[in-house]
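Student: Pasting a structure here, questions to come.
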Amino acid sequence: MTASPYSPYSAPGPGAPLPPQTPPVRPGRAAGILLMASVIAVGLMAGLFFAYDVSVMPGLARTDDRVYAEAMQNFNEVIDTSGLFVLVFLGALAVTVAVAVLEYRKGHRKVALWAGIAAGLYVVALLVTFSVNIPLNNELAAIGNPVKAGDLSVVDKFKGTWEATNIMRTLLCTAALGCLAHSLKLHGRATPAV
């Protein structure tokens with residue numbers, strides 16, 4: 001009986017075939033594309049909320065309540081009717097969850113973990129938006145034309161609460177973006193150089 005050329009107990013002799021090697025697991029192209037899309041979408045959302053924090057809201061704070069209310073009503077109407085905004089706003093979650101699932105299925109647990117954390121942070125930002133910011137936007141819209149509105153007390157409530165929760169959304173989206181950046185770095189390390 002002859003020894004197997006692939007026996008783990010003997011070194012292959014000269015000219016013996018090398019044992020078959022398992023090719024390295026490569027991240028799928030789809031996961032990489034979705035991860036980039038996720039980074040961009042969450043980055044755009046973090047940037048939008050940040051722009052409100054550092055320019056829009058401080059600028060509006062210098063105006064009177066009627067101008068403040070009218071401007072916010074206009075901003076909200078434009079955003080609510082923007083298909084591009086809705087695509088990025090909801091798409092950011094969809095692509096982030098898709099990345100986490102794809103990477104988990106491929107066995108890239110660390111990449112999936114960080115993408116999953118990012119998705120969780122973004123979900124919290126969405127919950128804040130739907131439970132606080134949107135209802136406040138609706139209350140502000142309900143006063144109608146601010147020039148003709150008699151009671152503008154909703155503006156004071158709006159200013160304090162809406163601005164605080166927007167800062168929270170900025171922080172959540174920025175943290176999610178950081179997690180995605182780390183996920184992207186891990187994904188890149190798993191990709192062999194071409």
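Student: Using a 1.4 Å probe over the heavy atoms of the protein chains, calculate the carbon and sulfur portion of the accessible area of segment 48-194 as a whole percent.
Tutor: For segment 48-194, the apolar C and S fraction of the accessible surface comes to 68 percent.
Student: Turning to a different aspect of this structure: Quote to one decimal, in nm, the extra length available between V86 and E139 on full extension: 0.36 nm per residue of separation minus the C-alpha distance between them.
Tutor: Length difference between fully extended and current span is 17.0 nm.
Student: Now, a different point. Using a 1.4 Å probe on the protein heavy atoms only, what accessible surface does M72 show? Give it in Å² to the nearest 10.
Tutor: 0
Student: Sticking with the crude label model, points 7 Å out along Cα→Cβ, report the distance from A94 to A30 in nm, one decimal please.
Tutor: So the label points at A94 and A30 sit 1.5 nm apart.
Student: Looking at segment 41-115, which chymotrypsin sites (Phe, Trp or Tyr not before Pro) are DSSP coil and have at most 11 other C-beta atoms within 10 Å of their C-beta?
Tutor: Answer in residue order: no site qualifies.
Student: S153 versus V54, label points 7 Å from Cα toward the beta carbon: distance in nm?
Tutor: My value for the distance between the label points is 3.7 nm.
Student: Now, a different point. Which value, in Å², gives the accessible area per residue of segment 44-194 when a 1.4 Å probe is used on the protein heavy atoms?
Tutor: Counting only protein heavy atoms, the per-residue value for segment 44-194 is 53 Å².
The values are calculated or read from the model by the stated rules, or taken from the named source; none is laboratory data. The shown structure was predicted, so the numbers you read here are calculated from the model rather than taken from an experiment. Backbone-built Cβ (ideal geometry, glycine too); neighbour counts: all protein chains shown. Side chains are part of the model used for accessible areas, which takes the heavy atoms of the whole protein and leaves out ligands, DNA and RNA. Shrake-Rupley method; radii C 1.70, N 1.55, O 1.52, S 1.80 Å.
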